[in-house]
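Peer 1: The structure is given below, and queries will be raised subsequently.
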Amino acid sequence: MRFPDNQLVALFTELLEKDQVIAFDNFISHGRDRYLHDRIVQSLTPDSLPPACVLYPQSIDQLSKAIALAYEHRLRVLPCGKATKLDWGGLVSRADVVVSTSRLNQIIEHCVGDLTVTVQAGVKYQDLQAVLAEKSQFLAIDPPYSPDATIGGILATGSAGSLRHRYNSVRDMCLGIEFVRSDGEVVKAGGRVVKNVAGYDLMKLLTGSYGTLGIASTITFRLYPLPEFSQIVVVTGAGAAIAQLQQQISKSVLTPTTCDLLSASVITKLGLGEGVGLVVQFSSLKVSVIEQGDRVATLAKELNLQVQIIDQVQDFWRSLENLLWQNELRNLTPSSINKSIVCKLGILSSASATLIQQCEQIFSSQSYFLQIHAGSGLGVLRIEDGQNLEVAEQLAKVRSIAESHSGFLTILEAPQDLKFNNQVLGNVWGYTGNAGDLMVKIQQQFDPGGLLSCDRLYS
């Protein structure tokens, strides 16, 4: 049993300034974002008490002391940034306070010559990219909800996009990290240089941990030069021919920046024609980009596939992101009436084209959108009507196919009641692999009291 909410507010107000402690009951009346309010509510189990307050520390020292105070009183903490992905994964069983890192938003050091940058966790992704672009550099990560996503949230969820084909994952971008443990202690790992080998590689461990091992406060990333020119080649047609083209590209000397398979439903919705799609982007010197694009077009035409060239690269990716993640609609629609389901899936890259074709049959009577990164086999599946009575059977079939090819399917977003009663979907979210026990043991080492993001990974 926790303290009364007014006592908890008073407790943290003694530590922080008054405007840094917002009582949750008065959250919206204080002019605070309803979006954040809704995301917090949707991240909790329906039978959970709402948090007493939301804390906004403005320094690493304040964050450390706030977590130490919560630890002293055995309070459950739900960390977040701008909360764009706070409702991903399992529902949190209890949160006495929410701690937002959104005011830890300083770019600490940009080493242009070393191609590294060190930032606080609350820095917004788009703001950082704008600063880096002034020096003709960029962070090679393209997460969902990019307009509002914070660097800490991207790290916590390990959310990368199509650029991982060329630049690998968030784990590979992260060179160093400073984070606050569940007891308030500040821990550092890695460094601020690319050739750093000192200490344990805690950066990879914390990436994708959903705030269960600690709260990232400062992160160092490697950077890349902005390319001179980018161009997208969109190839559409029969699934078997698309699969053949994908294999030819993977075995060739071509060096695409992205290589994504798109379901026919995505291609149609984006107005790019009919059939399964393969989206290949090249980013380099202009002459090289055009030459490689022409090579892909030649290979595609030999397979009787349709080819389109897109020079407005950012517009294309923005349209695809809005379709898969519904950025604009998500900001306008209350979470309580959102009925869509978004899944992360993985499959052997050699079987990804086959899965695309099989999903056409599985979702023949359902509105869905599917993207698979051809190089890694990771993908995103969006089902528009999560209340459809067939959805459990459909997801079970997709998961079975993925697992038969050494893959997985995990629910990221779904209506709260469906997550709470996850037996409705046959427990298709949460980790079910053979490393589950090890993950639990690691979490117990970092947070033996289970105070951070309680049950988020294992609901």
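The values are calculated or read from the model by the stated rules, or taken from the named source; none is laboratory data. Just so it is clear, the structure is predicted and the values come from calculations on it, not from any experiment. Neighbour counts are summed over all protein chains in view; Cβ atoms, including those assigned to glycine, are modelled from backbone coordinates with ideal geometry.
Peer 1: Within segment 369-377, does at least one residue satisfy the condition of being surrounded by 15 or more Cβ atoms within 10 Å (Cβ to Cβ), over 22 Å from the mean Cα position of the chain (by Cα) and more than 25 Å from Arg330 (Cβ to Cβ)?
Peer 2: No, segment 369-377 has no match at all.
Peer 1: Here's another thing I want to ask about it. Tell me, which residue of segment 424-459 that is over 21 Å from Lys204 (Cβ atoms) and part of a helix (DSSP H, G or I) is modelled with the highest pLDDT?
Peer 2: Leu425
Peer 1: Does Ser146 count as more than 27 Å from Ser284 (Cβ to Cβ) and surrounded by fewer than 22 Cβ atoms within 10 Å (Cβ to Cβ)?
Peer 2: On the way: more than 27 Å from Ser284 (Cβ to Cβ): no; surrounded by fewer than 22 Cβ atoms within 10 Å (Cβ to Cβ): yes.
Answer is no for this residue.
Peer 1: Looking at this structure, is Glu291 at pLDDT below 95 and in a helix (DSSP H, G or I)?
Peer 2: Numbers: at pLDDT below 95: no; in a helix (DSSP H, G or I): yes.
Judged against the criteria, Glu291 is not a match.
Peer 1: If a residue has to be part of a helix (DSSP H, G or I) and within 14 Å of Gly208 (Cα to Cα) to count, how many in segment 114-161 make the cut? Don't jump to the end; show me each part of the working.
Peer 2: Going residue by residue through segment 114-161, those that are part of a helix (DSSP H, G or I) are 125-133, 151-157.
Those still in the list that are within 14 Å of Gly208 (Cα to Cα) too: 151-157.
Total meeting the criteria: 7.
Peer 1: Tally up the residues in segment 82-134 that are touching a residue at least 24 places away in the same chain (Cβ under 8 Å), within 16 Å of the chain's Cα centre (by Cα) and within 30 Å of Pro227 (Cα to Cα), please.
Peer 2: 8
Peer 1: Okay, moving on. Select from segment 162-178 the residues that are more than 14 Å from Gly208 (Cα to Cα) and touching a residue at least 24 places away in the same chain (Cβ under 8 Å) and list them in ascending order. Before you say what the answer is, go through the steps one by one.
Peer 2: Taking segment 162-178 as the starting set, the residues that turn out to be more than 14 Å from Gly208 (Cα to Cα) are 162-168, 175-176, 178.
Scanning segment 162-178 gives Ser162, Leu163, Arg164, His165, Arg166, Tyr167, Leu175, Gly176, Glu178.
Peer 1: Kindly indicate which of Leu75, Leu44, Leu15, Leu63 is over 22 Å from Ser217 (Cα atoms), at pLDDT 90 or above and not small (Gly, Ala, Ser). I'd like the intermediate steps shown before the answer.
Peer 2: Numbers: Leu75 fails: over 22 Å from Ser217 (Cα atoms); Leu15 fails: over 22 Å from Ser217 (Cα atoms); Leu63 fails: over 22 Å from Ser217 (Cα atoms).
Step by step, each of Leu75, Leu44, Leu15, Leu63 is checked, and only Leu44 is over 22 Å from Ser217 (Cα atoms), at pLDDT 90 or above and not small (Gly, Ala, Ser).
Let's see how each residue does on (1) without any contact (Cβ under 8 Å) to a residue 40 or more places away in the chain; (2) acidic (Asp, Glu):
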residue: Ser284; (1), (2): no, no
residue: Asp311; (1), (2): no, yes
residue: Trp317; (1), (2): no, no
residue: Ser340; (1), (2): no, no
residue: Leu355; (1), (2): no, no
residue: Ile362; (1), (2): yes, no
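Peer 1: His405 - would you say it is under 17 Å from Ala160 (Cβ atoms) and out of contact with any Cys (no Cβ under 6 Å at 6 or more places or on another chain)? Don't jump to the end; show me each part of the working.
Peer 2: Values: under 17 Å from Ala160 (Cβ atoms): no; out of contact with any Cys (no Cβ under 6 Å at 6 or more places or on another chain): yes.
Answer is no for this residue.
Peer 1: Can you list residue pairs whose Cβ atoms sit under 8 Å apart, with the first residue in segment 19-35 being within 15 Å of Val99 (Cβ to Cβ) and surrounded by 14 or more Cβ atoms within 10 Å (Cβ to Cβ) and the second being modelled with pLDDT under 85 and among the basic types (Lys, Arg)? Count only pairs 6 or more apart in sequence or on different chains.
Peer 2: As it stands, the answer is Ile22/Arg32, since those pairs meet every condition given.
Peer 1: For segment 278-288: of the residues being in a helix (DSSP H, G or I) and out of contact with any Phe, Trp or Tyr (no Cβ under 7 Å at 6 or more places or on another chain), which is surrounded by the fewest Cβ atoms within 10 Å (Cβ to Cβ)? Step through it out loud before you land on a result.
Peer 2: Initial filter on segment 278-288 (in a helix (DSSP H, G or I)): 286-288.
Filter once more, keeping what is out of contact with any Phe, Trp or Tyr (no Cβ under 7 Å at 6 or more places or on another chain): 287-288.
Values: Val287: 10, Ser288: 15.
So, considering only residues that are in a helix (DSSP H, G or I) and out of contact with any Phe, Trp or Tyr (no Cβ under 7 Å at 6 or more places or on another chain), the one surrounded by the fewest Cβ atoms within 10 Å (Cβ to Cβ) is Val287.
Peer 1: Consider Glu291 carefully, then state whether it is out of contact with any Lys or Arg (no Cβ under 6 Å at 6 or more places or on another chain) and free of Cβ contacts under 8 Å to residues at least 40 places away in the same chain. Spell out the reasoning first.
Peer 2: Values: out of contact with any Lys or Arg (no Cβ under 6 Å at 6 or more places or on another chain): yes; free of Cβ contacts under 8 Å to residues at least 40 places away in the same chain: yes.
Judged against the criteria, Glu291 is a match.
Peer 1: Answer yes or no as to whether Val193 is modelled with pLDDT of 90 or more and out of contact with any Pro (no Cβ under 9 Å at 6 or more places or on another chain). Explain how you work it out, then say what you get.
Peer 2: Working: modelled with pLDDT of 90 or more: no; out of contact with any Pro (no Cβ under 9 Å at 6 or more places or on another chain): yes.
No; evaluated as a whole, the condition is false for this residue.
Peer 1: Would you be able to tell me the number of residues in segment 396-411 that are polar (S, T, N, Q) and assigned to a helix (DSSP H, G or I)? It would help to see each step written out before you state the result.
Peer 2: Of the residues in segment 396-411, the ones polar (S, T, N, Q) are 400, 404, 406, 410.
From what is left, the residues that are assigned to a helix (DSSP H, G or I) are 400, 404.
Matching residues across segment 396-411 total 2.
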